[in-house]
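Here is the structure we will look at, set down as structure tokens.
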Amino acid sequence: MSKKILVTGGTGYIGSHTVVELQQAGYEVVIIDNLSNSNAEVIDGIVKITGIRPTFEKIDLVDMDALKDVLNRHKGIDGIIHFAASKAVGESVQKPLLYYKNNLVSLTNLLELMPEHNIKGIVFSSSCTVYGEPDQNPIDESAPIKPATSPYGNTKQINEEIINDFVHSGAPIKSIILRYFNPIGAHPSGEIGELPLGVPQNLVPFITQTGMGIREQLSVFGDDYDTPDGSCIRDFINVVDLSKAHVIAIERMLENKSDEKVEIFNLGTGIGLSVLELISVFEKVSGKSLNYKIAPRREGDIEKIWAQADKANNVLGWKANETIDDTMASAWKWQLKLREKNII
Ligand code: UD1
């Protein structure tokens, strides 16, 4: 019998791509999402790719009664992949309580119900933001956690601590914490991708929307950093590659392939690329000349960060495979598809 996985935030950007990979690997999927930053039509895109309609429950994880009801109606969940969270750094500074409530209570509710439902493991979406500005690059999992620069970043740190404390209290569960670098791109089919509501805060959707003429001009936040071209450096990781790591992680936990109760992995390519370099890649694969200007630095930005991903490579047997050209081409294909469907 196929294993059943609860994917919270399963209609979101990384969640939807992971649902596809899980289904293609033979898992049965139950999605929970409150649709606060996504759209139920994403599920049609998943069906187009996999031919399988995942179960979907529109509830808010902060609502414990609703969560209990879902778990009672969908018996036999083996593991959880927990994506659901608020993730806008700037908004978290404006509305800290919203972020603390959404991102902390949703996790404690899930953890509290796992033992009684015999759910063995939880994969948690964390971020390289927990490292702050690295003392050196590439950065590995043993690097110190730096004080968070936003309530959003703080929720990721606290979530990691909550998981550690709960597992080490003797709770009968395991966890794998995945620290993502900068996920970008879309499914090569063009059926699912990133769908930011309103003005995008993240770089790639802003680039593709500018390429499309939806935004007039991209602001490059700073060209006076201590980097070769002066713009910030990130480790841009393809979202499908990233999603595949979740399938490996869930299998590792459910099949008890490790003695460790909590494991942490960086998920990145190991390659640092600057904002200006990424713009060049976009121009090359789209054939468009991008309208951009150099603007002042954005507050709270990290100058440069890229992953040492050896642990994920060697222990999980996972590696980022896609090239940056193909990844940016997938982001552009998705943008063209959104226009074709008149979505934006
Ligand atoms: C941020 C968060 C990260 C979070 C991620 C997803 C921090 C330090 N990082 O990543 O934790 O998981 O968002 O929401 O809080 N840029 C421009 N112009 C733009 C937009 C971005 O130049 O219009 C630049 C930024 O200055 C940065 C790079 O592009 O140097 C990447 O920015 P972004 O896509 O927002 O991701 P991060 O800030 O790295």
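Give the residues of the stretch 279-289 that are crowded, with 16+ Cβ neighbours inside 10 Å and part of a loop (DSSP other than H, G, I, E, B), sorted by residue number.
LYS288
Within 16 Å of the ligand (Cβ to nearest atom), of a type in the set (Asp, Glu), at pLDDT 95 or above and under 29 Å from GLU141 (Cβ atoms): does that describe GLU322? Walk me through how you get there before you give the answer.
On the way: within 16 Å of the ligand (Cβ to nearest atom): no; of a type in the set (Asp, Glu): yes; at pLDDT 95 or above: yes; under 29 Å from GLU141 (Cβ atoms): yes.
No: the conditions fail for GLU322.
If you go through the stretch 233-242 one residue at a time, do you hit one that is open to solvent by 60 Å² or more (accessible area, probe 1.4 Å) and outside any strand (DSSP E or B)?
Start the filter on the stretch 233-242 by keeping residues that are open to solvent by 60 Å² or more (accessible area, probe 1.4 Å), which leaves none.
No, because not a single residue in the stretch 233-242 is open to solvent by 60 Å² or more (accessible area, probe 1.4 Å) and outside any strand (DSSP E or B).
Restrict the check to the stretch 212-228 and report whether at least one residue is of a type outside the set (Lys, Arg), open to solvent by 30 Å² or more (accessible area, probe 1.4 Å) and away from the ligand (no atom under 15 Å from the Cβ).
If we filter the stretch 212-228 for residues that are of a type outside the set (Lys, Arg), which is where we start, we get 212-214, 216-228.
Then keep just the ones that are open to solvent by 30 Å² or more (accessible area, probe 1.4 Å); that gives 212-214, 216-217, 219, 221, 223-224, 226, 228.
Filter again for away from the ligand (no atom under 15 Å from the Cβ), leaving 213.
Yes, there is a match, as at least one residue in the stretch 212-228 is of a type outside the set (Lys, Arg), open to solvent by 30 Å² or more (accessible area, probe 1.4 Å) and away from the ligand (no atom under 15 Å from the Cβ).
Just wondering, is there one or more residues in the stretch 177-187 that are open to solvent by less than 30 Å² (accessible area, probe 1.4 Å) and in a helix (DSSP H, G or I)?
Looking for residues that are open to solvent by less than 30 Å² (accessible area, probe 1.4 Å) and in a helix (DSSP H, G or I), one finds none in the stretch 177-187, hence no.
Suppose we filter the stretch 131-146 for residues that are among the aliphatic types (A, V, I, L, M) and without any contact (Cβ under 8 Å) to a residue 60 or more places away in the chain; how many remain?
2
Among the residues of the stretch 298-319 satisfying the criterion of being open to solvent by 50 Å² or more (accessible area, probe 1.4 Å) and under 17 Å from the mean Cα position of the chain (by Cα), which is nearest to the ligand (Cβ to nearest atom)?
TRP306
Go through (1) outside the structural domain of ILE145 (by TED's automatic domain parsing); (2) of a type in the set (A, V, I, L, M); (3) closer than 20 Å to THR129 by Cα; (4) under 18 Å from the mean Cα position of the chain (by Cα) and name the single condition VAL275 misses.
Evaluating VAL275 over (1) outside the structural domain of ILE145 (by TED's automatic domain parsing); (2) of a type in the set (A, V, I, L, M); (3) closer than 20 Å to THR129 by Cα; (4) under 18 Å from the mean Cα position of the chain (by Cα) leaves (4) as the failure.
Looking only at the stretch 59-102, which residues are out of contact with any strand residue (DSSP E or B) (no Cβ under 8 Å at 6 or more places or on another chain) and either closer than 19 Å to SER16 by Cβ or among the polar types (S, T, N, Q) (or both)?
ASP60, ASN72, SER86, LYS87, ALA88, SER92, GLN94, ASN102
Looking at (1) under 27 Å from ILE176 (Cβ atoms); (2) open to solvent by 30 Å² or more (accessible area, probe 1.4 Å); (3) touching a strand residue (DSSP E or B) at 6+ places or on another chain (Cβ under 9 Å), which is the only condition LEU267 fails?
The number of the failed condition is (2).
Are any of the residues in the stretch 158-172 under 16 Å from LEU242 (Cβ atoms) and either surrounded by 20 or more Cβ atoms within 10 Å (Cβ to Cβ) or not assigned by TED's automatic domain parsing to the domain that holds ASP301 (or both)?
Our first condition is that a residue be under 16 Å from LEU242 (Cβ atoms); within the stretch 158-172, this holds for none.
The answer is no, given that none of the residues of the stretch 158-172 is under 16 Å from LEU242 (Cβ atoms) and either surrounded by 20 or more Cβ atoms within 10 Å (Cβ to Cβ) or not assigned by TED's automatic domain parsing to the domain that holds ASP301 (or both).
Could you please tell me which pairs satisfy a Cβ distance under 6 Å, a separation of 6+ or placement on different chains, a first residue in the stretch 232-244 that is farther than 23 Å from LEU22 by Cβ, and a second residue that is more than 9 Å from the ligand (Cβ to nearest atom) and of a type in the set (Ser, Thr, Tyr)?
The qualifying pairs are ILE233/THR227; ASP235/THR269.
Looking at the stretch 179-201, I want the residues that are of a type in the set (S, T, N, Q) and have a partner that is open to solvent by less than 10 Å² (accessible area, probe 1.4 Å) and assigned to a strand (DSSP E or B) with Cβ atoms under 9 Å, at least 6 apart or on another chain. Which pairs are those?
From residues that are of a type in the set (S, T, N, Q), the pairs are ASN182/ILE237.
Please identify the pairs in which a residue from the stretch 147-170 that is more than 16 Å from the ligand (Cβ to nearest atom) has its Cβ atom under 7 Å from the Cβ atom of a residue that is assigned to a helix (DSSP H, G or I) and of a type in the set (Ser, Thr, Tyr), counting only partners at least 6 apart or on another chain.
ILE162/THR108
Could you pull out the residue among ILE214, ILE173, ILE192, ILE184 that is more than 20 Å from the chain's Cα centre (by Cα) and under 21 Å from VAL42 (Cβ atoms)? Break it down stepwise before answering.
Working: ILE173 fails: under 21 Å from VAL42 (Cβ atoms); ILE192 fails: more than 20 Å from the chain's Cα centre (by Cα); ILE184 fails: more than 20 Å from the chain's Cα centre (by Cα).
Answer to the selection: ILE214.
The values are calculated or read from the model by the stated rules, or taken from the named source; none is laboratory data. Please read all numbers here as calculations on a predicted model, not as lab measurements. We place every Cβ from the backbone using ideal geometry, glycine too, and count neighbours over all the protein chains shown. Please note that ligands, DNA and RNA were not included when accessible areas were found on the heavy atoms of the full protein model with its side chains. Shrake-Rupley method; radii C 1.70, N 1.55, O 1.52, S 1.80 Å.
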